[in-house]
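Notes for the one structure printed next.
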Protein chains: 2
Amino acid sequence: MERYSSRGAAAQNAPAEAGLHARVLEDLGTAICGGELAPGAILNIDELVERYAVSRSVVREVLRVLASMGFIETRRRVGVMIRTPDAWNVFDPQVIRWRLASAGRIAQIRSITELRTAVEPHAAWLAAARVGHDEASELVGLAAKMWAAGKAGDEERFLRLDIEFHRRVLAASGNEMFVKLQDLVAEVLSGRHHYHLMPHHPHEQALQLHADVAQAIQRRDGDRARSAMVQIMEQAFDEMTAIWEQAGTPAP
Amino acid sequence: MERYSSRGAAAQNAPAEAGLHARVLEDLGTAICGGELAPGAILNIDELVERYAVSRSVVREVLRVLASMGFIETRRRVGVMIRTPDAWNVFDPQVIRWRLASAGRIAQIRSITELRTAVEPHAAWLAAARVGHDEASELVGLAAKMWAAGKAGDEERFLRLDIEFHRRVLAASGNEMFVKLQDLVAEVLSGRHHYHLMPHHPHEQALQLHADVAQAIQRRDGDRARSAMVQIMEQAFDEMTAIWEQAGTPAP
DNA sequence: CCTCTTGAATAAGTCTGCTTTTTCGGCCTA
DNA sequence: TAGGCCGAAAAAGCAGACTTATTCAAGAGG
């Protein structure tokens, strides 16, 4: 199988056992996100059939999926045209993974970080109004565990608890889209780990702020929950800024 | 062609000239979003081939797209299983359209309204830091036109300008995901129109607030831009609340 | 010389029958 | 009862033929 994507970080998520569809999709997806297939470029089905040495049905199914992501447009008598990035479904988790694997990695991380900076404080505020008793208690418990893990210097555990904490706050907001958002953030965080862009040495203050959020939500003090979350986001944002100022890091 | 979706608002976006793929996708998408095909239900390809009287290739291509949206899961020896809503890509514009056509319409409108309530103030704040000279001027001009249209009572024109204004603010934030978000919001607003859920009688104060946002962004006063946008969002949110309190409206 | 019609070439869209692979579920043995 | 074997079911994949829409260019007519 000849590839478009230059065999870097690509195709790692779709190894041999994954089926032809997944492998071709993975390769074309990374190639488009990575710019190896530039917007405006034109392919045709037979060319892809030859290149990947798969049947027409496989190629056609992949093209349908790519079209639904806004990556391509097919026209009779013309072929398959690569679309410009502004048409892409940048909220699709799969697209985010591909972009994290591309040179636009830093931009992707920044976009999502800004997005959560906007959303999570509001989610905390909503959560204070809507959370159930048990949910609130668990949130407080989780904050306590984070505090312990942070104090003990157990970074791995802290990171897991951190992600779980934010997921629960978003879940408690009662907004399905906020919950989904956490999946995207998780993509970024795990991607950040994968590409060795990890800072995350929990500050003393961050530990306290998470506890504040949990407590404020439990006491249904929306404004306090929001302002504590704003501070958490400011810290997270500063961390990210530090990352992309030492940018240019080619990374694997 | 026999349908799953009960021939209501469905299949209106994919009429006869659209091709078999689009029509089958439309019908299955609305059926799943509408709950006619419940999570856990199992289909198989041949059944769909018979039901829609199309070939296997059409069905398989549709299934691949639905799978990439998190709607279904296919397993050998089992068939095609409908997945639970928490697996759906609720940020996909197509999914949003289907949900707006379903009984969960109100929930969808609420989710997105909450999302933009969270995002737009932050976008305004970012825009103040990043906007270019021309962009800022145009924003001020746009706010002025809105003011005129609002005063003249030209609702149609006001609505168009309103959408354009918010799009530009999001664009000026320099965050690609924020821009994409506006597409989703536009889906909701036009859906709201389509399903006759329009309030929108521009208040005097709203006119002033839009002008405030534009001016603050031009003067690079992020905090003032944000707080004005917060107030706009509060008004928009109140409008929406009014809609779903008179809920139960079956609508077309 | 320009416009309009026509028609042929092209590439996607659709259909069909076939082979391969995976996996479930029952059955058999230890 | 646990573990392994086997057969059937269904998706995955393949190959090729036919259909249809679109484009582009040549030729007819003004």
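The values are calculated or read from the model by the stated rules, or taken from the named source; none is laboratory data. Computed from a prediction, not measured in an experiment: that's the story for all the values here. Please note: Cβ atoms are built from the backbone with ideal geometry, for glycine as well, and neighbour counts cover all protein chains shown. Only protein heavy atoms, including side chains, enter the accessible area calculation; ligands, DNA and RNA are left aside. Shrake-Rupley method; radii C 1.70, N 1.55, O 1.52, S 1.80 Å.
Things worth noting here:
- Where B:Gly174 falls short, out of the listed (1) surrounded by fewer than 23 Cβ atoms within 10 Å (Cβ to Cβ); (2) assigned to a helix (DSSP H, G or I): (2)
- For the range A:163-185, the set of residues classified as acidic (Asp, Glu) and within 13 Å of chain B (Cβ to nearest Cβ) consists of A:Glu176, A:Asp183, listed by residue number.
- Within the range A:38-69, being out of contact with any Ser or Thr (no Cβ under 9 Å at 6 or more places or on another chain) and farther than 20 Å from B:Leu63 by Cα holds for A:Ala38, A:Ala41, A:Ile42, A:Leu43, A:Asn44, A:Asp46, A:Glu47, A:Leu48, A:Glu50, A:Arg51, A:Tyr52, A:Ala53.
- Exactly one residue out of B:Val59, B:Val49 is surrounded by 20 or more Cβ atoms within 10 Å (Cβ to Cβ) and either assigned by TED's automatic domain parsing to the domain that holds B:Val95 or of a type in the set (A, V, I, L, M) (or both), and it is B:Val59.
- Some residue of the range A:239-246 being surrounded by fewer than 17 Cβ atoms within 10 Å (Cβ to Cβ) and either at pLDDT 90 or above or of a type in the set (A, V, I, L, M) (or both): yes
- Filter result for A:Val58 (part of a loop (DSSP other than H, G, I, E, B), under 29 Å from the mean Cα position of the chain (by Cα) and away from DNA strand C (no atom under 11 Å from the Cβ)): no
- For the range B:64-102, residues that are of a type in the set (Lys, Arg) and part of a helix (DSSP H, G or I) total 3.
- Against the conditions (1) open to solvent by less than 10 Å² (accessible area, probe 1.4 Å); (2) closer than 18 Å to A:Gln235 by Cβ; (3) at the interface with chain B (Cβ under 9 Å from one of its Cβ atoms), A:Arg110 satisfies every one except (1).
- Test: residue in the range B:83-104 that is open to solvent by 30 Å² or more (accessible area, probe 1.4 Å), within 12 Å of chain A (Cβ to nearest Cβ), out of contact with any helix residue (DSSP H, G or I) (no Cβ under 8 Å at 6 or more places or on another chain) and within 24 Å of A:Ala18 (Cβ to Cβ): yes
- Hey, A:His193 assigned to a loop (DSSP other than H, G, I, E, B), at pLDDT below 90, in the same structural domain as A:Ala124 (by TED's automatic domain parsing) and within 28 Å of A:Arg97 (Cα to Cα) or not: no
- Residues of the range B:103-114 classified as in a helix (DSSP H, G or I) and closer than 25 Å to B:Glu26 by Cβ, total: 8
- Contact map, the range A:48-75: residues that are of a type in the set (A, V, I, L, M, F, W, C) paired with residues that are outside any helix (DSSP H, G or I) and within 12 Å of DNA strand D (Cβ to nearest atom), Cβ distance under 6 Å, separation 6+ or inter-chain. Pairs shown: A:Ala53/A:Met1.
- Residues of the range B:223-233 that are more than 10 Å from B:Ala206 (Cα to Cα) and open to solvent by 50 Å² or more (accessible area, probe 1.4 Å): B:Asp223, B:Arg224, B:Arg226, B:Ser227, B:Val230.
- For the range A:146-159, the criterion of a residue being open to solvent by 50 Å² or more (accessible area, probe 1.4 Å) and within 11 Å of chain B (Cβ to nearest Cβ) is satisfied by no position.
- All positions within the range B:35-53 that are away from DNA strand D (no atom under 13 Å from the Cβ) and not in a helix (DSSP H, G or I): B:Gly35, B:Glu36, B:Leu37, B:Ala38, B:Pro39, B:Gly40, B:Ala53
- Scanning the range B:21-46 for residues that are of a type in the set (D, E, K, R), within 20 Å of A:Val65 (Cα to Cα) and open to solvent by 10 Å² or more (accessible area, probe 1.4 Å) yields B:Arg23, B:Glu26.
- Checked against the criteria, A:Ser57 counts as at negative phi, out of contact with any Gly (no Cβ under 9 Å at 6 or more places or on another chain) and within 11 Å of DNA strand D (Cβ to nearest atom).
- Screening A:Val131 with (1) more than 30 Å from B:Gly19 (Cβ to Cβ); (2) within 15 Å of the chain's Cα centre (by Cα) gives one miss only, at (2).
- For the range A:62-74, a residue qualifies if it is within 11 Å of another protein chain (Cβ to nearest Cβ) and either open to solvent by 20 Å² or more (accessible area, probe 1.4 Å) or touching a His at 6+ places or on another chain (Cβ under 7 Å) (or both), and the qualifying residues are A:Val62, A:Arg64, A:Ala67, A:Ser68, A:Thr74.
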